[in-house]
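Only one structure is covered here, and it is reproduced in the block below.
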Amino acid sequence: MRTGSSERLSWHESCGKSSDPQTFASGNYTPGVARYIHSARAAFRHPHYASTVLKDAREPTLTATVPFVDLEQMNAPVKDQILSGVGRLIDNSAFTNGPQVAAFERAFAAYSDRAYCIGVGSGLDALRLGLRAAGLRPGDEVIVPATTFIATLEAVTQAGGQPVLIDITNDDYGLDTSQVAAAITSATSFVMPVHLYGQLVDVRALQAVVAKHGLGLIEDACQAHGATRDSIRAGAAGTAAAFSFYPSKNLGAMGDAGALVTDDADLASRVRGLREHGQGAKYEHLVEGYTARLDTLQAIVLLAKLPWLDWWNAERRSIAALYSEALDGIGDLRLPRVPRGSEPVWHLYVIRTREPERLAAFLANRGIATGRHYPQPPHLSPAYAHLGYQQGQFPVTEALAAEGLSLPIFPGMTEQQLTLVIGAIGDYFFNGG
Ligand SMILES: Cc1ncc(COP(=O)(O)O)c(C=O)c1O
């Protein structure tokens with residue numbers, strides 16, 4: 001965490017000159033922020049709320065905006081490396097299947113504790129190709145959580161399957177493993193958990209259920225690069241796992257990109273075929289496939305960024321810890337829970353309050369951007385109305401959709417920005433918004 005000043009330092013400068021991630025000591029925040037948070041907490045509770053907090057939050061020098069994410073900051077230390085890689089790519093024209101694709105696949109397989117990684121065009125490609133390659137038959141049922149980004153369901157239906165929704169838990173906002181057994185029918189072939197907001201579901205419990213019922217387990221790890229739970233890494237729990245490298249993800253490309261990881265050599269080879277028109281040898285089409293390759297350009301970007309991922313995740317953890325310390329017990333806020341043994345990577349930091357839109361508008365007025373993930377759960381979306389689910393069927397999902405508000409969290413967030421967010425939230429609750 002870097003100290004804030006009215007002139008914001010670039011990520012590169014503030015990391016201390018080097019573009020080598022090893023030299024950047026992430027996770028340290030200055031005594032200034034600790035002091036601020038303690039005075040903020042005391043002030044929030046003070047009956048006459050004329051505190052340093054309010055003063056700080058309204059101070060003219062603290063009028064900088066706080067974006068929801070700041071990709072410019074994150075890209076700064078890798079920009080030169082990427083530019084020279086892209087320059088070489090323009091010269092050699094290996095725009096698809098260039099050597100950087102295989103190099104990134106090797107690096108990301110190792111990062112994920114898996115034998116194989118297959119780069120594809122998006123997280124959705126990884127999920128739908130993965131389901132097909134893992135043996136999903138037309139009409140097979142796939143159990144998925146009711147809270148997720150819509151792509152989880154798109155993957156199932158586009159691969160020919162039928163999504164079967166179950167509710168999430170309030171502990172980790174992941175699929176409620178205790179409800180899986182009751183949802184299984186003779187048509188069920190897979191369970192596809194989503195590690196929502198960067199926190200793994202209870203993978204050990206889930207592994208036990210799928211093993212007992214002989215089902216496949218494919219993880220939607222699109223939001224969870226580098227997270228662990230009970231010593232299992234995101235992507236290492238089941239048959240295969242999908243990652244998205246959408247630009248704002250913890251590991252983001254500069255456009256759409258994704259990957260599937262697995263230990264199964266046959267499955268990996270089927271996905272390699274599917275991503276390129278179902279071909280085995282060139283122009284030998286074994287099955288109907290897709291155009292779903294990982295572009296060489298995106299592989300160049302991802303190779304440059306991967307060494308930073310753990311440092312960036314550490315930075316997110318520091319910010320999440322500060323939010324959790326400062327906002328605990330404020331107003332009607334409900335903060336994210338972290339079950340014992342879980343190490344989230346905080347793709348999103350989602351608080352809950354009765355009127356999230358009102359708080360969002362208040363924060364926007366102070367120049368603070370927030371997000372809602374996701375206000376319309378898939379079962380209530382027109383796109384999936386035909387599944388026949390009703391309002392009220394998934395109470396935890398619907399409560400989270402009604403109450404959730406995502407706060408800014410990104411590597412390179414300054415102390416000044418964090419201070420502004422915490423101060424404004426305190427002001428909203430203690431000073432009538
Ligand atoms: C949980 C989840 N699943 C799937 C996807 C799809 O990834 P992509 O946008 O790369 O296709 C996303 C991306 O936002 C996601 O958050």
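Taking label points 7 Å from Cα along the Cα-to-Cβ direction, L286 and D263 give a separation of 2.3 nm. Panel order for K305, K249, by other beta carbons found within 10 Å of each beta carbon, from fewest to most: K249, K305.
When each of the peptides 166-178, 355-367 is scored by how many other beta carbons lie within 10 Å of its residues on average, the order from highest to lowest is 166-178, 355-367.
Provide the FRET efficiency to the nearest 0.05 for the A187-A102 pair, computing r from the beta carbons and using R0 = 45 Å.
Working from the Cβ atoms, E equals 0.75.
A simple spin-label model places pseudo-atoms 7 Å from Cα toward Cβ; at S178 and E355 they are separated by 3.4 nm. Beta bridges per DSSP, both residues in the stretch 77-307: antiparallel share near 55 percent. Along its first, second and third principal axes, ordered by size, the stretch 77-307 spans 57, 42, 27 Å in Cα coordinates. Annotation for the stretch 163-233 versus the stretch 280-341: alpha-carbon center distance of 18 Å. With 0.36 nm allotted per residue and the present C-alpha distance subtracted, the D230-I150 stretch has 26.0 nm of extension available. The stretch between A208 and Q390 holds 62.5 nm of extra length on full extension. This uses 0.36 nm per residue minus the Cα-Cα distance.
We did not get these values from a lab; they are worked out from the coordinates using the rules stated. Being a predicted model, the structure only gives us computed values, none of them experimental. With ideal geometry, Cβ positions are generated from the backbone for all residues, glycine too; neighbour counts draw on all protein chains shown.
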